[in-house]
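Have a look at the structure below, then the notes.
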Amino acid sequence: MEEPETPAPATSEVETPEVETSGVDTPAPEPRESLTRQQILTRAGLAAGVATLLFAVVVIILNLTVFSPSGFVTTYLQTLGQRDVSDALDMPGVDLPGQVTKDSAAAALLRPNSLALIDDIRTTDDVDLGGGVHRITASYRLEGAESESQRGVSQFTVTDNGAPFLVFRSWRFSVSPVAMLAVQVANGASATVGTAPLTPQELGADEAAFTARAEFPVLVPGLVVLSHKSHYLTGIVVPTLLETPGGTRTATVAAAPNTAFLGAVTTSIHSFLDACATSTSLFPPGCPFSKRISDRIVGTPVWNITAYPPIGILSASDGWVLTQSGGMAHIKVDVRSLYDGSVTTLDEDVPFQIDYRVNLAPDGRISFSPR
């Protein structure tokens with residue numbers, strides 16, 4: 001028996017409509033340019049050459065500016081001008097004398113608050129002395145404490161320090177930019193440098209000393225402003241410019257009594273004389289006035305001060321003294337005559353002189369002793 005034929009599935013054909021291009025032709029893409037190995041190497045070589053040339057130009061410019069002798073000096077001045085003592089001391093050729101370190105008492109003038117600010121820095125001359133040595137001249141302005149301001153000019157000698165960075169030159173000071181300042185204090189044993197205290201210990205003196213002197217290294221350029229400020233003493237501001245490496249200068253600050261000292265001494269002298277006036281003796285002990293009589297006193301002597309002596313304070317070789325001046329005391333007492341036994345009243349003024357040393361203790365206490 002024959003099996004019936006399975007009819008084939010019906011298929012439908014979808015006709016794709018043709019799109020008219022309206023006569024516009026679509027351009028074919030251009031073929032990419034392919035570089036040969038030689039062209040790639042050539043272009044890489046050119047780029048490397050340009051980079052090398054640019055690097056060489058940069059090196060030349062930096063060696064003529066930042067890494068030049070004048071650039072080295074400018075960097076030092078800028079560092080010192082910002083009171084960055086540590087970095088300034090770390091620059092090649094900056095050497096302190098002897099056993100002085102930046103932490104020792106002898107380095108008291110190297111503290112940041114002892115230094116002046118430096119600005120308007122200009123290198124004005126660069127002389128090649130041969131053998132890798134240059135003399136650089138620089139000008140600048142220093143702004144110190146107490147509104148002190150000065151312009152200065154310094155010459156620095158630097159020498160070639162090789163090329164530790166292969167292509168960039170380095171320099172060092174062949175003459176250390178350090179000067180010495182001898183600080184003298186008259187009428188005391190302490191001072192103020194910049195805004196920092198200069199203690200008796202740093203000056204190598206005892207606290208009770210009346211004079212002090214010590215030498216200190218100073219980084220050049222330096223404007224050292226010395227003064228003295230304490231409760232009873234004031235010193236005239238003494239600015240000292242140090243602009244020569246290796247130089248030595250001396251600065252003296254003298255302490256002088258201020259109005260507080262004069263007022264305190266005057267009050268103390270008046271109190272002392274008033275205490276003397278309470279004595280019931282013809283010779284008050286330790287006092288500048290007395291009265292000698294040949295008759296016998298009857299009753300108790302009464303003293304009072306009718307005129308206090310004018311007070312002035314002077315400096316002597318080893319301390320403060322009062323100016324010699326006169327005052328007037330008054331005594332009143334009954335006296336019996338040894339001749340006829342009559343009693344009269346002694347009522348008279350007694351002039352006297354003061355001549356005392358003023359002792360000013362470190363803690364501010366004031367006392368007196370005869371000269």
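Values computed for the structure shown
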item: Alpha-carbon centroids, region 170-229 and region 82-120: separation in whole Å; result: 12
item: Residue 117 versus residue 292: modelled label distance in nm, points set 7 Å from Cα along the beta carbon direction; result: 7.0
item: Pair residue 262, residue 308: separation of 7 Å Cα→Cβ label points (nm); result: 1.4
item: Residues of type lysines that residue 291 reaches as a straight line, Cα spacing below 25 Å, ignoring anything fewer than 8 places off in the same chain; result: 332
item: Lysines whose Cα lies under 30 Å from that of residue 102, excluding same-chain neighbours fewer than 8 positions away; result: 229
item: Full-stretch length increase - residue 82, residue 316 - with 0.36 nm per residue and alpha-carbon distance subtracted; result: 80.0 nm
item: Charge dipole (region 230-325, unit charges on Cβ, about Cα centre) - positive-most of 233, 308, 298; result: 298
item: For region 232-258 versus region 297-347, the gap between their alpha-carbon centres in whole angstrom; result: 45
item: Dipole of region 259-370, positive direction: furthest Cα of 271, 360, 330, with charges on the beta-carbon; result: 360
item: Rounded to 5, the percent of DSSP beta bridges in region 69-256 classed as antiparallel; result: 85
item: Where labels lie 7 Å past Cα in the beta-carbon direction, separation of residue 271 and residue 345 in nm; result: 3.3
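Coordinate-derived values only; no laboratory data. As the structure is a computational prediction, the values presented were derived from the model and not from experiment. Here the Cβ is made from the backbone with ideal geometry for all residues, glycine too, and neighbour counts use every protein chain on show.
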